[in-house]
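The values are calculated or read from the model by the stated rules, or taken from the named source; none is laboratory data. All values reported here derive from a predicted model rather than from experimental measurement. Backbone-built Cβ (ideal geometry, glycine too); neighbour counts: all protein chains shown.
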Ligand code: PAF
């Protein structure tokens, strides 16, 4: 596995890669979810590259940039074991040189939900992902559905900019009890880890209720109440949205997704679930 630290080295290495390339952009602190992306990349291309970069541009002033978990040695071992061919670990000044003044903003899909709760977050994500895609020139790039809105923003950005890459979303990987894997789960105390399960459970229950024809507003209100009952202190949103536009839905349609973001202690968790339209859904 080639470990690359500068853009010059990356350019040389990229020219030497034969066949097709899959890219897995990450912020490190890798878990099974990331490794699934690498495996999926391996199935879709001749070579697999990963990037590890904790992107300062996507963190707000009061967010967890300084405490975001960093475990470079362990991450490199995991990627090597997974058969990754190349890892690029850029530094902030390589991606954001002095005087850096260009950001990519995506209207529409980035505006609601985390776009409202985390102003500037998606411009930071779209900018860094555009830069990583341009520098690595992959044929395919893989992202987890766990960050469902992020995936929609990246798809829109890559399509709008005409980047010659296929963006692939990979289903969320969960612990055996249902909690979605996230690098931020490391912040949870054992008690909070137990309470966190209320998030996937609330989404599952709401999905069942909506699929069975119960009013959307009631299902969402019950999901929020369940989160508060289980120790979540702040709910940014629990919403039923159109799976493509991410616009809120009051009446079920064919392609729907439940999205949620809520805080437990000082840890903000997000999750999402596809909702199967039931016979009562009207569409
Ligand atoms: O999902 C992440 O880990 C990050 O948001 C990404 C896509 C690597 C951009 O920094």
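List of remarks:
- Which listed residue is closer than 20 Å to residue 38 by Cα, part of a helix (DSSP H, G or I) and in contact with a strand residue (DSSP E or B) (Cβ under 9 Å, 6 or more places away or on another chain), from 142, 132: 132
- Of all the residues in segment 244-268, those that are touching a strand residue (DSSP E or B) at 6+ places or on another chain (Cβ under 6 Å) and assigned to a strand (DSSP E or B) number 9.
- Being closer than 21 Å to residue 150 by Cα, modelled with pLDDT of 95 or more and either away from the ligand (no atom under 14 Å from the Cβ) or touching a strand residue (DSSP E or B) at 6+ places or on another chain (Cβ under 8 Å) (or both) is a property that holds for residue 109.
- Candidate set from segment 129-150 (those that are more than 9 Å from the ligand (Cβ to nearest atom) and farther than 26 Å from residue 15 by Cα); member that is surrounded by the fewest Cβ atoms within 10 Å (Cβ to Cβ): 145
- Test: residue in segment 151-163 that is within 11 Å of the ligand (Cβ to nearest atom), without any contact (Cβ under 8 Å) to a residue 40 or more places away in the chain and in contact with a helix residue (DSSP H, G or I) (Cβ under 9 Å, 6 or more places away or on another chain): yes
- Residue in segment 117-128 that is surrounded by 21 or more Cβ atoms within 10 Å (Cβ to Cβ) and away from the ligand (no atom under 15 Å from the Cβ) present: no
- Residue among 166, 191 that alone is away from the ligand (no atom under 14 Å from the Cβ) and within 24 Å of residue 111 (Cα to Cα): 166
- Residue, surrounded by the fewest Cβ atoms within 10 Å (Cβ to Cβ), within segment 26-40, restricted to residues that are under 19 Å from residue 136 (Cα atoms) and in contact with a helix residue (DSSP H, G or I) (Cβ under 6 Å, 6 or more places away or on another chain): 28
- Boolean, residue 127 is part of a loop (DSSP other than H, G, I, E, B), more than 17 Å from residue 62 (Cα to Cα) and at pLDDT 95 or above: no
- Residue 30 being part of a loop (DSSP other than H, G, I, E, B), modelled with pLDDT of 95 or more, closer than 30 Å to residue 263 by Cα and under 15 Å from the mean Cα position of the chain (by Cα): yes
- The set of residues from segment 189-218 being surrounded by 19 or more Cβ atoms within 10 Å (Cβ to Cβ) and either touching a helix residue (DSSP H, G or I) at 6+ places or on another chain (Cβ under 6 Å) or under 23 Å from residue 152 (Cβ atoms) (or both) comprises 198, 199, 200, 202, 203, 206, 207, 209, 210, 216.
- In segment 53-67, residue farthest from residue 268 (Cα to Cα) [restricted to those that are within 14 Å of the ligand (Cβ to nearest atom) and in a loop (DSSP other than H, G, I, E, B)]: 53
- Residue that is exposed (fewer than 14 other Cβ atoms within 10 Å of the Cβ), touching a residue at least 12 places away in the same chain (Cβ under 8 Å) and within 20 Å of residue 185 (Cβ to Cβ), where the choices are 18, 72: 72
- Some residue of segment 85-106 being surrounded by fewer than 20 Cβ atoms within 10 Å (Cβ to Cβ) and closer than 30 Å to residue 249 by Cβ: yes
- Number of the exception - residue 64 against (1) in contact with a helix residue (DSSP H, G or I) (Cβ under 7 Å, 6 or more places away or on another chain); (2) surrounded by fewer than 20 Cβ atoms within 10 Å (Cβ to Cβ): (1)
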